[in-house]
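The values are calculated or read from the model by the stated rules, or taken from the named source; none is laboratory data. What you see is a predicted model; the values in this text were computed from it and never measured. Here the Cβ positions follow ideal geometry from the backbone for every residue, glycine too, while neighbour counts run over all protein chains shown. These area figures cover heavy atoms from the full protein model, side chains too; ligands, DNA and RNA do not enter into them. Shrake-Rupley method; radii C 1.70, N 1.55, O 1.52, S 1.80 Å.
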Amino acid sequence: MHNKELSDLKTINQQVMIDLIGDDKAEIAHFQQQFLRQAKTSLQHIAQLYRQEQFNKIKDEAHFLKTSAKAIGAELCAYHLQTLEHASLAQDKVKCKQHIHNLSNELKQVYLSASG
Amino acid sequence: MSRKEIEHVERHPKVILICDKVDELGGVSDVISSQITAFRVLTKFRDIKDVIIDSAPHVLILAMPSVSASIELYKTLVEQGLLDYPHENILLCENKESGVGFRCCMKHIFCDYFVYKPMYENYRLRMILHNALLRCENAHDTTHIREEHFGNIDESLKQLIDDASAYHTDAQHTLSTARKNIDQAKGVNDIQTALMNELKAQHINPLLDQLEQKLAMSIEELTNSLKNKQLSLAELSALLIEKSLPETNQKVTDYQNDKPAQNKPEAESQYIKIMVIEDNEIYREMISKILINAGHNVEAVSSGLIAIKKLKKQKYNMIFMDLFMPELDGYNTTRNIRNISHCKNLPIVALTSNKNKDLIRKWATLGLTAYIAKPSTKQSILKAVEKAKRAIAS
């Protein structure tokens, strides 16, 4: 993913999970649903940490969720989480807000993509 | 699940409130959550068990319907070996049982108790929690330093710390005696006593406070120097080891062009016992499934601390380990694992991202068999297993 341009990144790159766990559709759906549940809790936590200006914890939470995003092939989500990690490391509140917003929007796309 | 329970769902809580009826503890929950965000309210035994295994919370607050129920629950957790780590326990009880609570604390069953029904002094609860967290942080840090740096401590620095600590204790004792003497001193008349009190309040006590604070800061500075010095020693040692381990920093993908061995050693054809250490449950489950489907015996754990505990009791053939984990990261988990007698040469495969080259390099010096860039592929993961098997066989 690191070598890809932003425009090449997909909401869900199916091939990532196929390469990792195989092409069992039920299993793929299971992990996607699990990711969405995890992301919902994580995003709420990130928003709470943002309000409390706990940037280090935002970085940790973003890193945590990035692992799952990468694993299910949610490339754009992983990208937004990476940028959020950078912004929180720099304690840049304005950028953090922007990235959290982008992440929230992207998660909606993942939901739509996984549901469809 | 009730409203309050939903509010306090921190994934890795430092403080957990264990109770039966969440609604009766609304006030307590609010006080605790205003003091620490890493807090969770738990009612079900299974959840309590899972959270303790996953997060090893520093403080357990027990508020069961009766003191005996709290003792029973705590006893069960202890008997199941779930509380085998430094922690503080606080008993919450009703006013009618405060005598029993006091007795429990005198017998060292609980570190402290607080009457929450009726709840009069929420600041006392804050104080109890504050002190408990403070003690736990210190205890945790001490254990961490001792375990992690055992055998590598620079003797002169160690002596300096011990001297400073002894000096600190002596000085605190002297200051405390001085305070007592000043408090007991009285003037020959009321005017002189009043003047002395004013002098104490405005000048002497602030001066003593300042002295105490400076002493505490000196100790902290010395402790930090110790930590920094140990880290640089570890790095130096790591670089030396790296010279003798040419394969440790090699990526699994480098093996894609390897020719298969013609005569496989016996160990290569066997299924092995693998431990997966990864805090992210989704990725942990994925890696585990790949390995289980390949016929291996897999145990997946969510933290380095749990892994170390299990490794002390059981033998495994190899480990897949994440780098970034709460409490203890992959590097420090590996350091601890290498101190276990039967794990000195245990193959460890690092699970991490490509961006952490420096960290991986440092980590590799502790003896990594390979590293895998997340999310990786089934092929890479199984190749890492093959590589570990070859390492076991050799």
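Determine, yes or no, whether A:HIS63 is closer than 20 Å to B:PRO326 by Cα and either out of contact with any Leu (no Cβ under 9 Å at 6 or more places or on another chain) or of a type in the set (A, V, I, L, M) (or both).
No; evaluated as a whole, the condition is false for this residue.
Name the single residue, out of those in the stretch B:298-329 being free of Cβ contacts under 8 Å to residues at least 40 places away in the same chain and among the small types (Gly, Ala, Ser), that is farthest from B:GLU386 (Cα to Cα).
The residue in question is B:GLY304.
For the stretch A:70-82, indicate whether the set of residues that are more than 11 Å from every other protein chain (Cβ to nearest Cβ), over 16 Å from A:LEU107 (Cβ atoms) and open to solvent by less than 30 Å² (accessible area, probe 1.4 Å) is non-empty.
No, that holds for no residue.
If you take the residues of the stretch B:8-30 that are part of a loop (DSSP other than H, G, I, E, B) and open to solvent by less than 40 Å² (accessible area, probe 1.4 Å), which of them is modelled with the lowest pLDDT? Even if it seems obvious, please write down each step before you answer.
Filtering the stretch B:8-30 down to residues part of a loop (DSSP other than H, G, I, E, B) leaves B:8, B:10-14, B:20-21.
Subset that is open to solvent by less than 40 Å² (accessible area, probe 1.4 Å): B:8, B:10, B:13.
Details: B:HIS8: 50, B:GLU10: 63, B:PRO13: 87.
Per the stated criteria, the residue is B:HIS8.
Being within 13 Å of chain B (Cβ to nearest Cβ) and either of a type in the set (Phe, Trp, Tyr) or more than 30 Å from A:ILE18 (Cβ to Cβ) (or both) is the filter here; which residues of the stretch A:83-106 pass it?
A:LEU89
Would you point out the residue of the stretch A:13-23, among those that are open to solvent by 40 Å² or more (accessible area, probe 1.4 Å) and not charged (D, E, K, R), that is farthest from A:TYR79 (Cα to Cα)?
Once the filter is applied, the top-ranked residue is A:ILE18.
Check every one of the strands (runs of 3 or more DSSP E) wholly within the stretch B:279-394 and list those with 1 or more residues that are more than 12 Å from chain A (Cβ to nearest Cβ) and over 26 Å from the mean Cα position of the chain (by Cα).
Ranges flagged: B:297-301, B:370-373.
Residue by residue, here is whether (1) in a helix (DSSP H, G or I); (2) in contact (Cβ under 8 Å) with a residue 40 or more places away in the chain; (3) among the basic types (Lys, Arg) holds:
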| position | (1), (2), (3) |
| --- | --- |
| A:PHE35 | yes, yes, no |
| A:GLN44 | yes, no, no |
| A:LYS59 | yes, no, yes |
| A:LEU65 | yes, no, no |
| A:SER88 | yes, no, no |
| A:SER104 | yes, yes, no |
| A:LYS108 | yes, no, yes |
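For A:GLN52, are the conditions met, namely being farther than 30 Å from B:LYS378 by Cβ, out of contact with any helix residue (DSSP H, G or I) (no Cβ under 8 Å at 6 or more places or on another chain) and within 13 Å of another protein chain (Cβ to nearest Cβ)?
Criteria met by A:GLN52.
Could you say whether any residue in the stretch B:247-258 is modelled with pLDDT of 80 or more and either within 28 Å of the chain's Cα centre (by Cα) or within 30 Å of A:ALA74 (Cα to Cα) (or both)? Give the derivation first.
Restricting attention to the stretch B:247-258, the residues satisfying the condition of being modelled with pLDDT of 80 or more are none.
Looking through the stretch B:247-258, none of the residues is modelled with pLDDT of 80 or more and either within 28 Å of the chain's Cα centre (by Cα) or within 30 Å of A:ALA74 (Cα to Cα) (or both).
State all residues of the stretch A:24-49 that are open to solvent by 40 Å² or more (accessible area, probe 1.4 Å) and more than 11 Å from every other protein chain (Cβ to nearest Cβ); if no residue qualifies, say none.
The answer is A:LYS25, A:ALA26, A:ALA29, A:LYS40.
So, in the stretch B:108-125, exactly how many residues are under 15 Å from B:GLY26 (Cα atoms) and basic (Lys, Arg)?
Adding up the residues that qualify gives 1.
Limited to the stretch A:91-116, what total is found for residues that are closer than 22 Å to A:ARG51 by Cα and not charged (D, E, K, R)?
12
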